[in-house]
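Following: one structure in structure tokens, then a few remarks.
The values are calculated or read from the model by the stated rules, or taken from the named source; none is laboratory data. From a predicted model like this one, the values you see are computed outputs, not experimental measurements. Heads up, the Cβs are rebuilt from the backbone with ideal geometry, glycines too, and the neighbour counts pull from every protein chain shown.
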Amino acid sequence: MASFQGKRVSGKWAVVLRWAEKQGVRFSLTSGQRTMADQWRLYRVFQSGGNLAAFPSPLAPHIRKGFSNHALDVNSLDGGETRLERWVESKGVDWKNTVPGESWHGEISRAGLNKLYKMAKKAMADPLKGYRADEKRWIREYDDLNRLKKRTAKQSTRRNALRRAMAKRRKGIWRAAERRKGAWDKYRRRDRYRSLRARS
Ligand SMILES: [Zn+2]
């Protein structure tokens, strides 16, 4: 079982919510996926004063046993629920407040969650996976330096040193890849070569 902001959520929701957070959406999750025991506890707590918790059943919105798209409760007083809802809808997925009077309670369809999950996986995949550790470091540092509007002399020197290191590695990859048939397709040589070539 995965968690997000310390709350239990399905693995797919965890990935999607992490992506939302990474994209700068501010919200706080108050409740995610519940077990039957959690639901019974809430049901009993709320029984005295107008029941705010659904009757415990495997299909209750926050349980949805066997499915990933359980309901989420997101704090709505600070605007977080609206921000998350808008973000979900900006990705082409419907967010529904299915319980009248509970502006914090949102649900999306199974297909909707699958769609968001796929988008999140793609967006957050490490494009440098399989690259050598030093290549990752060079590329990231170089890109950081390149984003600066103005570089100090020291930063320019460093940038040049990185270019030299990457050029040298790129030539090494080229030699290794040209040595025999099919060698370009091993160890991500083609991608590594291209990434380094673009920066040196
Ligand atoms: Zn709820």
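Taken together, the residues in the range 76-121 that are at pLDDT below 95 and within 16 Å of the chain's Cα centre (by Cα) amount to 0. Please go through the range 86-116 and give me each residue that is buried (at least 21 other Cβ atoms within 10 Å of the Cβ), within 14 Å of the ligand (Cβ to nearest atom) and not in a loop (DSSP other than H, G, I, E, B), ordered by number. Once the filter is applied, which keeps residues that are buried (at least 21 other Cβ atoms within 10 Å of the Cβ), within 14 Å of the ligand (Cβ to nearest atom) and not in a loop (DSSP other than H, G, I, E, B), the range 86-116 yields HIS105, GLY106. Residues satisfying the criterion are absent from the range 125-136 (criterion: of a type in the set (A, V, I, L, M), more than 16 Å from the ligand (Cβ to nearest atom), under 20 Å from the mean Cα position of the chain (by Cα) and assigned to a helix (DSSP H, G or I)). Regarding LYS65, is this residue out of contact with any Leu (no Cβ under 6 Å at 6 or more places or on another chain) and assigned to a helix (DSSP H, G or I)? For LYS65, the condition - out of contact with any Leu (no Cβ under 6 Å at 6 or more places or on another chain) and assigned to a helix (DSSP H, G or I) - is not met.
Of the residues ARG197, ARG179, ARG175, ARG147, which single one is more than 30 Å from LYS12 (Cβ to Cβ) and either touching a helix residue (DSSP H, G or I) at 6+ places or on another chain (Cβ under 7 Å) or surrounded by 11 or more Cβ atoms within 10 Å (Cβ to Cβ) (or both)? So that I can check it myself, show each step before the final result.
On the way: ARG179 fails: either touching a helix residue (DSSP H, G or I) at 6+ places or on another chain (Cβ under 7 Å) or surrounded by 11 or more Cβ atoms within 10 Å (Cβ to Cβ) (or both); ARG175 fails: either touching a helix residue (DSSP H, G or I) at 6+ places or on another chain (Cβ under 7 Å) or surrounded by 11 or more Cβ atoms within 10 Å (Cβ to Cβ) (or both); ARG147 fails: either touching a helix residue (DSSP H, G or I) at 6+ places or on another chain (Cβ under 7 Å) or surrounded by 11 or more Cβ atoms within 10 Å (Cβ to Cβ) (or both).
Testing whether each residue is more than 30 Å from LYS12 (Cβ to Cβ) and either touching a helix residue (DSSP H, G or I) at 6+ places or on another chain (Cβ under 7 Å) or surrounded by 11 or more Cβ atoms within 10 Å (Cβ to Cβ) (or both) leaves just ARG197.
Considering the range 40-75, the residues that are among the small types (Gly, Ala, Ser) and within 9 Å of the ligand (Cβ to nearest atom) include one that is modelled with the highest pLDDT, namely ALA71. Only one of the listed residues (ALA37, ALA20, ALA54) is of a type in the set (Gly, Ala, Ser) and part of a loop (DSSP other than H, G, I, E, B). That residue is ALA54.
From the residues in the range 106-143 that are touching a helix residue (DSSP H, G or I) at 6+ places or on another chain (Cβ under 7 Å) and of a type in the set (Gly, Ala, Ser), which one is nearest to LYS91 (Cα to Cα)?
Within the range 106-143, the first condition is being touching a helix residue (DSSP H, G or I) at 6+ places or on another chain (Cβ under 7 Å), and the residues that meet it are 106, 108, 113, 116-117, 120-121, 123-124, 128, 131, 135, 138-139, 141-142.
Next, only the ones that are of a type in the set (Gly, Ala, Ser) stay: 106, 120, 123.
Details: GLY106: 16, ALA120: 10, ALA123: 12 Å.
Applying the filter and picking the extreme gives ALA120.
Name the single residue, out of those in the range 1-49 being in contact (Cβ under 8 Å) with a residue 60 or more places away in the chain and in contact with a Ser or Thr (Cβ under 7 Å, 6 or more places away or on another chain), that is farthest from LYS121 (Cα to Cα). In this case the residue turns out to be VAL9.
For the range 42-59, does any single residue satisfy the condition of being under 19 Å from TYR117 (Cβ atoms) and among the aromatic types (Phe, Trp, Tyr)? Taking every residue of the range 42-59 in turn, none turns out to be under 19 Å from TYR117 (Cβ atoms) and among the aromatic types (Phe, Trp, Tyr).
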